[in-house]
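Student: Shown below is the structure under consideration.
No value in this document is a laboratory result; all are computed from the given coordinates. Small disclaimer: the values here were computed from a predicted structure and weren't measured. Glycine also receives a Cβ, built like all others from the backbone with ideal geometry; neighbour counts cover every protein chain displayed.
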Amino acid sequence: MKILLFLYLAALPHKEVLTYDVHLGPLYAGEMKLSFSQTEFEGQPCYRFRSVLTSLESLSWLFVLNDTIYSYVTRDSFKVLYVEKRMHETNYDTIIRVRYDWETNRILYEDDSSYPLLPGTLDIVSIYYFFRLNPLAVGEERDVVLHADRVTETATVQAVKEVWVRSQASPQGRFWTTKLVPDVSGKGSFGSGGNLIFYLTNDDHLYPALIRTVMTIGSINARLKWVWREP
């Protein structure tokens, strides 16, 4: 499948923090933050994307989540250079560092394992920002490649319809959004554990107002509740 990479003329602000309420099925489970800033990585102008997921202290008897993912992506060509995942969970504590080597076209892990690096490969944080810079109208689709947890998958992401999404971040209490759904070929775990669906606001900001990971045993929903931006 041919992978397309078109950078839209939209621009991200200098800094931004998006805060979400996270529900595991009907259970309010914690908070997620998506943030980015402009920086450099090994001399290259980059976006630094960060995802932080934390569970409620009141649920510590059941499970603990304190996961942070950093992603460094070039500003001119939107190439992922480096991903770091810091996971602090119940009975699990690890740091995973991954380099994307575009000269050798390999994805390199610290244990010396490597995987093919396909053109346009994204990670599970940069994908949201890619579609903010490359928005789709209803009926349009775009092919993407996602690498997560040593698995590379190809998907055709489709803009299937426009819908209202409830959100505390909107003065009206809801956003008019476009629903994006990946059609994954074969058996996989697109979105690192399930089928990833997200809803981008139909305004100049293109916020992910709702992010859903649909699992075989239910779904995880992250709903936007607060926005901070520095132009």
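Student: Under 10 Å, Cα contacts only: if you run a Gaussian network model on the chain, which one of Ser126, Ser55, Ser71 comes out with the highest mean-square fluctuation?
Tutor: Result: Ser55 has the largest fluctuation of those listed.
Student: Order of Ser35, Ser51, Ser170 from fewest to most other C-beta atoms within 10 Å?
Tutor: By the 10 Å Cβ count, ascending, the order reads Ser35, Ser170, Ser51.
Student: Something else about it: Zone of Lys225 (label point 7 Å along Cα→Cβ, backbone N under 19 Å): which residues in the range 108-133?
Tutor: Backbone N within reach: none found.
Student: Going by C-beta contacts inside 10 Å, put Tyr129, Tyr28 in order with the fewest on the left.
Tutor: Arranged by neighbour count, lowest to highest, Tyr129, Tyr28 become Tyr28, Tyr129.
Student: While we're here: What is the dipole size for the chain, taken about its Cα centre, with +1 at each Lys and Arg Cβ and -1 at each Asp and Glu Cβ, in debye to the nearest 20?
Tutor: With Lys and Arg at +1 and Asp and Glu at -1, about 560 debye.
Student: Here's something else I'd like to know. What number comes out for the charge environment of Met87, summing +1 per Lys or Arg and -1 per Asp or Glu over other residues with Cβ under 11 Å away?
Tutor: Around Met87, the charge tally is -3.
Student: Can you give the helix-only mean residue ellipticity at 222 nm for the chain, where every DSSP H stretch with n ≥ 4 adds -39500 (n - 2.57) and the sum goes over all residues, rounded to the nearest 500 deg cm²/dmol?
Tutor: Only helices count here, giving -1000 deg cm²/dmol.
Student: Mind listing the long-range amide H neighbours of Ala29? Cut-off is under 5 Å, sequence gap 5 or more, other chains count too, H placed in the peptide plane at 1.01 Å from N.
Tutor: Distant-sequence amide H within range of Ala29: Val22, His23, Leu24.
Student: Please give the peptides 161-167, 92-98, 203-209 ranked by average Cβ packing (other Cβ atoms within 10 Å per residue), highest first, as a rough proxy for protection.
Tutor: Per-residue Cβ counts within 10 Å, averaged per peptide and sorted highest first, yield 203-209, 161-167, 92-98.
Student: Can you count the Lys pairs in the range 15-230 with C-alpha separation below 22 Å, eight or more apart or on different chains?
Tutor: Going through the range 15-230 pair by pair, I get 9.
Student: How do Trp61, Trp228 line up, fewest other C-beta atoms within 10 Å first?
Tutor: Trp61, Trp228
Student: Could you order the peptides 43-50, 153-160, 99-106 from most to least packed, using the average number of other C-beta atoms within 10 Å per residue?
Tutor: Highest to lowest by the protection proxy: 153-160, 43-50, 99-106.
Student: Need one number: nm distance between label points at Asp76 and Asn105, each 7 Å from Cα along Cα→Cβ, rounded to one decimal.
Tutor: Here the modelled spin labels are 2.1 nm apart.
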